């Protein structure tokens with residue numbers, strides 16, 4: 001990978017990488033640090049990274065760096081700690097994107113990651129598996145469980161409107 005290819009990777013992927021990390025950890029300073037660490041690791045390993053696979057390398061590096069920080073801070077969210085409302089979401093919201101954001105925020109960390117990679121970033125199941133070191137089957141299960149949770153949390157679309 002050349003310096004120009006590295007600079008192009010910064011231009012093309014830094015915003016998407018930042019949004020991905022920020023949606024997961026919700027701390028702008030930590031998200032900036034993780035993105036910077038990811039690009040630093042890319043720079044240190046620039047001779048060994050293929051320019052065609054730089055996007056995958058950056059997202060994988062950011063994902064693992066983020067998981068390491070979360071583990072260190074012991075802020076993992078477990079599915080048992082989440083309480084679902086029986087009747088879906090309260091009807092006092094009119095903004096569906098706000099409700100969806102709140103619901104995604106309540107997902108366990110792994111489920112949030114795979115849903116963000118799949119639905120927000122557009123990766124396929126195999127790519128998500130490679131990024132997260134999960135099997136394709138595990139990725140599908142996590143996405144399914146996340147979508148079931150989101151459906152229960154949000155409730156019927158008529159209740160939201």
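The values are calculated or read from the model by the stated rules, or taken from the named source; none is laboratory data. In this text the structure is predicted, and so the values were computed from the model without any measurement. When we count neighbours, we look across all protein chains shown, and the Cβ atoms used for this are built from the backbone with ideal geometry, even at glycine.
The table below gives the values:
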item: Any hit, the stretch 79-91, residues being assigned to a loop (DSSP other than H, G, I, E, B), at pLDDT 85 or above and more than 21 Å from residue 122 (Cβ to Cβ); result: no
item: Subset of the stretch 36-55 (residues that are surrounded by 11 or more Cβ atoms within 10 Å (Cβ to Cβ) and part of a helix (DSSP H, G or I)); result: 36, 37, 38, 39, 40, 41, 42, 43, 51, 53, 54, 55
item: Residue match in the stretch 143-152 (condition: within 20 Å of residue 70 (Cβ to Cβ) and under 14 Å from the mean Cα position of the chain (by Cα)); result: yes
item: Flag if residue 18 is surrounded by 14 or more Cβ atoms within 10 Å (Cβ to Cβ) and closer than 15 Å to residue 120 by Cα; result: yes
